[in-house]
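The values are calculated or read from the model by the stated rules, or taken from the named source; none is laboratory data. From a predicted model like this one, the values you see are computed outputs, not experimental measurements. Heads up, the Cβs are rebuilt from the backbone with ideal geometry, glycines too, and the neighbour counts pull from every protein chain shown. Note: areas computed on protein heavy atoms with side chains; ligands, DNA, RNA excluded. Shrake-Rupley method; radii C 1.70, N 1.55, O 1.52, S 1.80 Å.
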Amino acid sequence: MTKHEQVVADNGMCPIPPGFENAHADTPKYLEMYRESIENPDAFWGREGLRLDWIKPYSIVKNTDFTFGKVSIKWFEDGVLNASVNCIDRHLKDRALQTAIIFEPDDPHESSRHITYRELSEKVNRMANVLLSQGVMRGDRVVIYLPMIPEAAYAMLACARVGAIHSVVFAGFSPDALANRINDCGAKLVITADTAPRGGKRTPLKANTDAALLHCSDKVRCLVVRRTGDQISWTEGRDVDISYMMEQVSPECPPRPMGAEDPLFILYTSGSTGKPKGVVHSTGGYLVYVSMTHEYTFDYHEGDVFWCSADVGWVTGHSYIVYGPLANGATTLMFEGVPTWPDPGRFWAICEKHGVTQFHTAPTAIRALMAQGAEWVDKYDLSSLKLIGTVGEPINPEAWHWYNEHVGKGRCPIVDTYWQTETGGNMLTPLPGATPTKPGSATNPFFGVKPVVLEPQTGVRIGEVECEGVLAISDSWPGQMRTVWGDHERFQETYFSQYRGYYFTGDGCRRDSDGYYWITGRVDDVLNVSGHRMGTAEIESALVAHPAVAEAAVVGYPHDLKGQGIYAYVTLMNDQTPSDELRSELEKWVRTEIGPIAKPDLIQWAPGLPKTRSGKIMRRILRKIAENDYGALGDISTLSDPGVVQDLIDNRMNRG
Ligand code: ATP
Ligand code: MG
């Protein structure tokens, strides 16, 4: 057990800290609202739908069917609204001069900017008029390939204003990955920037787009934002200077009335498990869900400064940088850079500078900063923080405690939010005023979410509170994806075929005696060692808890005696060197932390791990290397640093 364990009571719970007496929900209220959301979704969501402004009100709330072969998901289907009106226009009456977006540039010496709701309105209207001038019509697809600059939010909202469907492609992606997405969704237009400063370097976005467009229809046009003024090449007739155009057009663009079920955006999943899927989200249900989850999970109140450090290229950025906060009239922070530049104190410098009240990030960032030492956090004044969040992967207890102690100072609740690109918003999450937390658990379902644990082989629903199996959801919620773009069959196959009548998440989970949920990792990652089923996350957490270890990834490989052997890739702390002694020490460590059954059979020292651009470990690649079958690594287009892979292959431990 670690030195931090004292914050946790004997029953494993961290109580609700003081300061949340006026939270949106306390425990009895959560229970009561949750009960109603499950027993009477029409009444519950019918009321919550009113958090939006509707051009034409809905009369039907929920119309959903999880039956394989005829899966159909509709919410508020006869309502008419416009997402940009809900994120902008309706706030102008009371908060035109309030900051909507704080922009913090990559370079700390460049000044940050405060964009008011009035300014946001003008920019979005102008950009919407530029889109119209380029022939963009309702239902057309627009790819957005921009860095973390306010123009990314303007572009998303401008699409929403004219009824176009946006698909944001993370600015770290290669020309190939960009071309695939442009082609998959049949985009009419790409919005990009000249170059993008990030971590002191510059990504040549326009040049990447030029390269991508060689593989796309020559009808695709390219709008260019001048971010740095760097020199770029220009194709007359295809490329358009968006800043110049925005000055030419009117600052008013009437919003297009959209059906609640009209798609708002397409977003491709991270590709951790295979070829990315074009996830389609709706206008009405999605917006209701992200507005409500943003308000309750992060206990958002007037005057807060909300910062989610994700990139707009991921769903977390869509829901909790742009749509959720802006629908709620909040101040949202956009950071262009990376956590470790110019030094590993950058996140905390920004929190101090802007008086951030809620800070939300990913375990991968926490682990990376933890490896750099707590002195980088401790020198900043983080007293403005009320709450801190984590999303994207199970957070291992070691990282949780570090985050709690050094960032939250033991007084900020940690909201561990479990969800997926597909789910639109948080599915399992504590509510700060209502849910005592447990390090490593995403705790309880959000309103309207009915999680079930299924027996993996039979698909039978497990009735006991305490159990382990695969996580499925037994009924629809408004933020759920509607289809895979252009492939409703794949949608049904992927999520509704294996366990009939349920939405299958693909994740394994455990429910403890308090009814708390613990994600154990992807189902594909569950190991079966001598007949014992084990989540890789647990073994990884044990390894990371060792002081010498910065990061670990565990996969299975065929083993003659055990069925599956345990193969661990271990990244050491900066000041450690690999040795055989350390290897046997780690083996012993896992034995004592979990049990003899979990002892790794092979440990490979890994200077780096293959990760998606969103920082998730790609275990399927590690599995191939562990299986000594590295010839066919599958789709690696979303890998952030392909160089890492060759090193792992060269130093693989299983050559048999
Ligand atoms: P792909 O679906 O293309 O393989 P992906 O699943 O990584 O990629 P995302 O939608 O970005 O794409 O990630 C969702 C997944 O991330 C979840 O299914 C789960 O495995 C993991 N996850 C997210 N948040 C948490 C969390 N708080 N705790 C545990 N796991 C989480
Ligand atoms: Mg997934």
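So is V470 closer than 30 Å to G69 by Cβ and either in the same structural domain as W419 (by the TED database) or more than 22 Å from the chain's Cα centre (by Cα) (or both) or not? Taking the combined requirement at face value, the residue satisfies it.
Residue by residue, here is whether (1) touching a His at 6+ places or on another chain (Cβ under 6 Å); (2) polar (S, T, N, Q); (3) open to solvent by less than 60 Å² (accessible area, probe 1.4 Å) holds:
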| residue | (1), (2), (3) |
| --- | --- |
| P610 | no, no, yes |
| E627 | no, no, no |
| T638 | no, yes, yes |
| G643 | no, no, yes |
| D647 | no, no, yes |
| N654 | no, yes, yes |
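So that you can scan it fast, the table gives a plain yes or no per residue for (1) in a helix (DSSP H, G or I); (2) of a type outside the set (S, T, Y); (3) in contact with a Leu (Cβ under 6 Å, 6 or more places away or on another chain):
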position: G329; (1), (2), (3): no, yes, no
position: T332; (1), (2), (3): no, no, no
position: A349; (1), (2), (3): yes, yes, no
position: V356; (1), (2), (3): no, yes, no
position: H360; (1), (2), (3): no, yes, no
position: T364; (1), (2), (3): yes, no, no
position: W376; (1), (2), (3): yes, yes, no
position: L382; (1), (2), (3): no, yes, no
position: L385; (1), (2), (3): no, yes, no
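Just so you know, in segment 499-526 the residues that are of a type in the set (A, V, I, L, M, F, W, C) and within 16 Å of ligand 2 (Cβ to nearest atom) include one that is modelled with the highest pLDDT, and it is F504. I395 fulfils the conditions (1) open to solvent by less than 20 Å² (accessible area, probe 1.4 Å); (2) in a loop (DSSP other than H, G, I, E, B); (3) modelled with pLDDT of 95 or more except for a single criterion, (3).
For every residue, the table says whether it meets (1) open to solvent by 10 Å² or more (accessible area, probe 1.4 Å); (2) away from ligand 1 (no atom under 15 Å from the Cβ); (3) within 17 Å of N426 (Cα to Cα).
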residue	(1), (2), (3)
R256	yes, yes, no
I266	no, no, no
K277	yes, no, no
V288	no, yes, yes
M292	no, yes, yes
S309	yes, no, yes
P325	no, yes, yes
N328	yes, yes, yes
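Looking at P436, P451, just one residue is open to solvent by less than 50 Å² (accessible area, probe 1.4 Å), more than 15 Å from ligand 2 (Cβ to nearest atom), modelled with pLDDT of 95 or more and within 21 Å of the chain's Cα centre (by Cα), and that residue is P451. Can you name the residue in segment 378-417 that is under 18 Å from the mean Cα position of the chain (by Cα) and hydroxyl-bearing (S, T, Y) and, of all such residues, is farthest from V544 (Cα to Cα)? Filtering first and then ranking leaves T417.
Restrict the check to segment 545-559 and report whether at least one residue is among the hydroxyl-bearing types (S, T, Y) and open to solvent by 60 Å² or more (accessible area, probe 1.4 Å).
Residues of segment 545-559 that are among the hydroxyl-bearing types (S, T, Y), as a first pass: 557.
Okay, now just the ones that are also open to solvent by 60 Å² or more (accessible area, probe 1.4 Å), so none.
So far as segment 545-559 goes, no, none of its residues is among the hydroxyl-bearing types (S, T, Y) and open to solvent by 60 Å² or more (accessible area, probe 1.4 Å).
Condition check: of a type outside the set (S, T, N, Q), assigned by the TED database to the domain that holds S541, touching a Pro at 6+ places or on another chain (Cβ under 7 Å) and open to solvent by less than 30 Å² (accessible area, probe 1.4 Å). Does I621 satisfy that? Criteria met by I621. Go through segment 583-608 residue by residue and tally those that are under 32 Å from the mean Cα position of the chain (by Cα), closer than 19 Å to G535 by Cα and in a loop (DSSP other than H, G, I, E, B). So the count comes out to 3.
Where in segment 64-119 are there strands (runs of 3 or more DSSP E), lying fully within it, with 1 or more residues that are over 19 Å from G303 (Cα atoms) and within 28 Å of the chain's Cα centre (by Cα)?
Working: elements: 72-75, 99-104, 113-116.
Once the strands (runs of 3 or more DSSP E) in segment 64-119 are filtered for at least 1 residues that are over 19 Å from G303 (Cα atoms) and within 28 Å of the chain's Cα centre (by Cα), what remains is 72-75.
Of all the criteria given as (1) outside any strand (DSSP E or B); (2) surrounded by 22 or more Cβ atoms within 10 Å (Cβ to Cβ), the one not satisfied by T192 is (1). Cβ-Cβ distances below 7 Å connect the following pairs, each with a first residue in segment 631-654 that is farther than 23 Å from G172 by Cα, a second residue that is in a loop (DSSP other than H, G, I, E, B) and open to solvent by 30 Å² or more (accessible area, probe 1.4 Å), and a separation of six or more residues or different chains: I649/Y630; R652/N628; N654/N628.
Every listed requirement among (1) of a type outside the set (S, T, N, Q); (2) more than 30 Å from G49 (Cβ to Cβ); (3) surrounded by fewer than 20 Cβ atoms within 10 Å (Cβ to Cβ) is met by V225 save one, (3).
Which residues, counting only those in segment 534-564, are more than 21 Å from N628 (Cβ to Cβ) and in a strand (DSSP E or B)?
Initially, segment 534-564 is screened for residues more than 21 Å from N628 (Cβ to Cβ), giving 534-535, 537-538, 540-551.
M534, V549, A550, E551, listed by residue number.
Output yes when any residue across segment 27-37 is of a type outside the set (K, R) and more than 30 Å from W400 (Cβ to Cβ), and no when none is.
The initial filter retains those residues of segment 27-37 that are of a type outside the set (K, R), namely 27-28, 30-34, 36-37.
Filter once more, so that each one left must be more than 30 Å from W400 (Cβ to Cβ): 36.
Looking through segment 27-37, at least one residue is of a type outside the set (K, R) and more than 30 Å from W400 (Cβ to Cβ).
Within segment 384-396, can you find the residues that are closer than 17 Å to H354 by Cβ and in contact with an Asp or Glu (Cβ under 9 Å, 6 or more places away or on another chain)? Walk me through it before giving the result.
First, pick out the residues of segment 384-396 that are closer than 17 Å to H354 by Cβ: 384-389.
Once the filter is applied, which keeps residues that are closer than 17 Å to H354 by Cβ and in contact with an Asp or Glu (Cβ under 9 Å, 6 or more places away or on another chain), segment 384-396 yields S384, K386, L387, G389.
Could you check how many residues of segment 331-361 are in contact with a helix residue (DSSP H, G or I) (Cβ under 8 Å, 6 or more places away or on another chain) and among the aliphatic types (A, V, I, L, M)? Full working, then the answer.
First, pick out the residues of segment 331-361 that are in contact with a helix residue (DSSP H, G or I) (Cβ under 8 Å, 6 or more places away or on another chain): 331-335, 337-340, 343-345, 347-348, 356, 359-361.
Imposing the further condition that a residue be among the aliphatic types (A, V, I, L, M) reduces the set to 333-334, 338, 356.
Residues in segment 331-361 being in contact with a helix residue (DSSP H, G or I) (Cβ under 8 Å, 6 or more places away or on another chain) and among the aliphatic types (A, V, I, L, M): 4 in total.
What about Y380, is it more than 16 Å from ligand 2 (Cβ to nearest atom) and within 30 Å of L92 (Cβ to Cβ)? No: the conditions fail for Y380.
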